[in-house]
1. Going by the structure shown, is Thr219 over 21 Å from the mean Cα position of the chain (by Cα) and not in a loop (DSSP other than H, G, I, E, B)?
2. So if I check each of Asp37, Asp78, which one is surrounded by 13 or more Cβ atoms within 10 Å (Cβ to Cβ), of a type in the set (Asp, Glu), touching a residue at least 24 places away in the same chain (Cβ under 8 Å) and within 19 Å of Asn120 (Cα to Cα)?
3. Using beta carbons and a limit of 7 Å, which pairs, at least six apart or on different chains, have the first residue in the stretch 14-29 and not assigned by TED's automatic domain parsing to the domain that holds Tyr108 and the second one loosely packed, with under 11 Cβ neighbours inside 10 Å and of a type in the set (Asp, Glu)?
4. Looking at Ala54 and the list (1) in contact (Cβ under 8 Å) with a residue 40 or more places away in the chain; (2) loosely packed, with under 15 Cβ neighbours inside 10 Å; (3) aliphatic (A, V, I, L, M), which single condition is not satisfied?
5. What single numbered condition from (1) under 23 Å from Leu273 (Cα atoms); (2) assigned to a helix (DSSP H, G or I); (3) at pLDDT below 95 fails to hold for Met171?
6. With respect to Leu117, determine if the residue is among the aliphatic types (A, V, I, L, M), out of contact with any strand residue (DSSP E or B) (no Cβ under 8 Å at 6 or more places or on another chain) and over 16 Å from Pro10 (Cα atoms).
7. Looking for whichever is assigned by TED's automatic domain parsing to the domain that holds Ile246, hydrophobic (A, V, I, L, M, F, W, C) and touching a residue at least 60 places away in the same chain (Cβ under 8 Å) here; the options are Val193, Val224, Val210. Which one fits?
8. Do the conditions hold for Val210, that is, is it among the aliphatic types (A, V, I, L, M), at pLDDT 90 or above and surrounded by fewer than 20 Cβ atoms within 10 Å (Cβ to Cβ)?
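The values are calculated or read from the model by the stated rules, or taken from the named source; none is laboratory data. Computed from a prediction, not measured in an experiment: that's the story for all the values here. Using ideal geometry, Cβ is built from the backbone for each residue, glycine included, and neighbour counts are taken over all protein chains shown.
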Amino acid sequence: MKQAYVDDCPYYLDDFLTNMKVVKDRSDRTEEAYFIDIRTFLRYLNVKHHAVPAETPFNKIKIKETPIEWLECFSLNDAYVYLKYLKDERNNSTKTRARKCSALKQFYVYLCQKAKLISNNPLDDLELPHINQALPKYLSLEQSLELLRNIDSKNQVRDYCIITLFLNCGMRLSELVGLNLSDYSRDNRTLRVLGKGRKERIIYLNDACVSALDEYIDTTRPHVEQTAIFLSANKTRINKRRVQQIVDEQLQRAGLSNLGITTHKLRHTAATLMYQHGGVDTLVLKDILGHKSIATTEIYTHLSDENIKKAMESNPLSEEIEKKKK
């Protein structure tokens, strides 16, 4: 975690984050996200208790000296007032409020049950804001083929390989940039990827992926002492932002830049194509994508239902109402 965060972290929050890091094995990024969400709450408490001058900008409020007693006397009703504050004063979306609410609930579980710093947990019955699950955007089979056929760049073989892996394997952006040469087994035709929570999984590669990887590694990738598979122009591990730029550039070349497609939407595309065209079972798809819960994977069954509905509505007879003979 950044030193600036550590310097402004009360002891009980520091202990909570240490628990998340050491016991629950959360990543640095997750640890930082929890700190930011809990910091918002503690800043709010300082405002609520008039501990800072009224003119102090919210993002300048220090939380280091926030007393644990304020958390002890915080009630369930106070929590709903806080959520209203996030909506009305901080303009947080429903999704953001739900995330901050979830972080706060976990924080209180730790304070009460693990650290024994407060005697009871007032947030046991706190309900998270309801999020309407939107169907993810994705490319159709025809659009995916169009994207692959139009890839052209200074590093065409590399960029073709990157997009081929996204569209076939459904890996996350962080997983792709984290790939090392040692993760690729030519004999077994597999890739070992490191997913969320440092959880490893094996992805079995089809012919398109093996061909794209072999061509890039054997003929185009610079032969330098570098463990990463995908390298930048500087012969260092390619970063996330550059991969996002590559995807944006190639979508534009293929005339698909107006669809709101991102690297993560290519992951959705891979999953959707496997489910709709490959007949892949959701339990298998869950393992391929590295989802923790089958509920996350089931979004693709809803996608299929939506497509069926659209297909029925597009029938040329859909507006023809049979009239009963009198």
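1. So Thr219 passes the test.
2. After applying the criteria, what remains is Asp78.
3. none
4. All conditions are met except number (1).
5. Only one criterion is unmet by Met171, namely (2).
6. Spelling it out, it is not the case that Leu117 is among the aliphatic types (A, V, I, L, M), out of contact with any strand residue (DSSP E or B) (no Cβ under 8 Å at 6 or more places or on another chain) and over 16 Å from Pro10 (Cα atoms).
7. Val193
8. For Val210, the condition - among the aliphatic types (A, V, I, L, M), at pLDDT 90 or above and surrounded by fewer than 20 Cβ atoms within 10 Å (Cβ to Cβ) - is met.
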